[in-house]
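Structure record follows, encoded as structure tokens.
The values are calculated or read from the model by the stated rules, or taken from the named source; none is laboratory data. This one's a predicted model, so the numbers in the text were calculated from it and none came from an experiment. Neighbour counts run over all protein chains shown; Cβ positions are idealised from the backbone, glycine included. Remember, those area values only see protein heavy atoms, side chains included, never the ligands or the DNA or RNA. Shrake-Rupley method; radii C 1.70, N 1.55, O 1.52, S 1.80 Å.
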Amino acid sequence: MRPQDILLPAAAGLCCKPGGFHIDPVRPVERAVITHGHSDHARPGHGTVLATRETLDMMRLRYGDNFAGSTQAIAYGESIRTGDVTIKFHPAGHVLGSAQIAVSCKGTCIVASGDYKDAPDPTCAPFEVVRCDVFITEATFGLPVFRHGDAADEVKKLLASVALFPERAHLVGAYSLGKAQRVIALLRLAGYDAPIYLHGAMEAITSYYQSRGVALGDLRPARGMKKADLAGTITLAPPSATSDIWTRRFPDPVTAFASGWMRVRARARQRGIELPLVISDHADWDGLTATIEATGAREIWVTHGQEDALVHWCKTKGLAARPLDLVGYGDEDEGDTAPAEGFAS
């Protein structure tokens, strides 16, 4: 069976006609299969949603109990059959509950990877290579310039700055789902056992991570703290909050941002970031190309990101490759606005 007869781009997103569902649809559909809980992939309003338990819980936290008409949880390695199509979920290593979706029909297997990374992350299941005929890959950092390095080294930079400026607070901008919890876990692995403070927008999702057995240590709300008591501390906040009036509660704050985009110095300067931390929850160029080769797929579909460069690389390796030109993905939580918090005395 031809791959395009199984999955094809449509206005609502990637559509599986023989199975009667869409993967990560950008508008409400009758049956949605969701890779992970970031807001550019997991939207409310669908009739039925199939996803991992963690992704469903994340959607419930963000959108309320009635985010979909009905839901069905699926575990990693579990298969569900709908018509002639079998759906199987595999870990994507992106955030808690993130999944690659293997869609098989009449002897052809297509893997829609969603967002993924092959780097270690103590807060979620590690990425699993899935052999397939067609691999659908993201290309967020699909240029050779993007080589992220070891996230632990970036955390060492943060801790060195905390030691150097004990009179200043350190504010770390991080997406509220996945990145913030990974930064906290990396700080703990580096031996930092002091309390870590959270902006209010971080609290619910971080508590959920803890409820799923992710050890994050002593976490406290930043609200209500006296300004002087925040000297020498680390606080995690949504990226939008680090350039907000909210920062006035902190003594001479050092503003950091944990993102793969911090490899681009102009981006750090534009955002007024004093301490850029290159920590990404997406595969870098080497991760993307190594994963493509490991899947054994002879056909590669590339979506959301630097599509052209990765398509060109695939063709130089003798692989059939094309961009999917899907719209509506790639913003993750950067567009989330942080709710205002009252000032501390």
Residue-span extension gain [Ala228 to Val129] - 0.36 nm each, minus C-alpha spacing: 30.8 nm
Of the heavy-atom accessible surface of segment 17-59 (probe 1.4 angstrom), what whole percent is carbon and sulfur? 49 percent
Under the definition of Cα pairs under 8 Å and six or more residues apart, what whole-number percent is the relative contact order of segment 240-327? 20 percent
Cα-based Rg / Dmax (Å) for segment 238-279: 10.3, 29
Which percent of the accessible heavy-atom area of segment 209-320 goes to carbon and sulfur, probe 1.4 angstrom? 46 percent
Taking Cα pairs under 8 Å and at least six residues apart, what relative contact order does the chain come out at, in percent? 17 percent
Given charges at Cβ of Lys, Arg, Asp, Glu: segment 188-321 dipole, positive-most of Leu310, Ser259, Gly232: Gly232
Roughly speaking, what is the stretch gain from Ile245 to Ala290, that is 0.36 nm per residue apart minus the C-alpha to C-alpha distance, in nm to one decimal? 11.9 nm
Carbon and sulfur atoms account, in whole percent of the 1.4 Å probe accessible area of segment 77-192, for 58 percent
Honestly segment 152-286 on the Cα gyration tensor test (a ≥ b ≥ c root eigenvalues; a/c under 1.5 rounded, otherwise a/b vs b/c for prolate or oblate) is just rounded
To the nearest 500 deg cm²/dmol, what mean residue ellipticity at 222 nm is calculated for the chain from DSSP H runs of n ≥ 4 alone, each contributing -39,500 (n - 2.57), summed and divided by the residues? -6500 deg cm²/dmol
Which value, in Å², gives the accessible area per residue of the chain when a 1.4 Å probe is used on the protein heavy atoms? 40 Å²
For segment 112-124, what does the Karplus curve 6.51 cos²θ - 1.76 cosθ + 1.60, with θ = phi - 60°, yield as ³J(HN,Hα) per residue in whole Hz, taken in order and with x for Gly and Pro? 8, 7, x, 9, 8, 8, 9, 7, x, 8, x, 9, 8
Thr82 versus Ala152: modelled label distance in nm, points set 7 Å from Cα along the beta carbon direction: 4.1 nm
Once you have the Kirkwood Rh of the chain from its Cα pairs, apply Stokes-Einstein at 20 °C and 1.002 mPa s and quote D in µm²/s. 103 µm²/s
Under 5 Å from the placed amide H of Leu14, counting only residues 5+ away or on other chains, we find Ile23
Can you work out the Karplus-derived ³J(HN,Hα) for every residue in segment 313-323? Use 6.51 cos²θ - 1.76 cosθ + 1.60 with θ = phi - 60°, whole Hz, and x for glycine or proline. 4, 4, 5, 5, 8, x, 9, 6, 8, 7, x
Could you work out how far helix 285-295 tilts from the main Cα principal axis of the chain, as a 0 to 90 degree angle to the nearest 10? 30 degrees
Residue farthest toward the positive end of the dipole of the chain, with Cβ of Lys/Arg at +1 and Asp/Glu at -1: which of Ser243, Ile34, Tyr209? Ser243
Tilt relative to the chain, helix 151-164 - C-alpha long axis, 0 to 90 degrees, to 10: 10 degrees
In whole Å, what are the extents of segment 1-104 along the principal axes defined by its C-alpha atoms, from largest to smallest? 39, 28, 21
With a Förster radius of 30 Å, plug the Cβ-Cβ distance of Arg269 and Tyr192 into 1/(1 + (r/R0)^6) and report the FRET value to the nearest 0.05. 0.65
Accessible area, probe 1.4 Å, largest first, for residues Arg168, Arg298: Arg298, Arg168
Could you work out how far the C-alpha centroid of segment 5-83 sits from that of segment 156-229, in angstrom? 31 Å
Collect residues whose amide H, placed 1.01 Å from N in the peptide plane, falls under 5 Å from the amide H of Cys109; neighbours closer than 5 in sequence don't count. Asp133, Val134
Largest first and to the nearest Å, give the Cα extent of segment 74-224 along each principal axis. 64, 37, 23
Amide H within-cut-off set for Arg168, under 5 Å, with H built and near neighbours excluded: Gly232
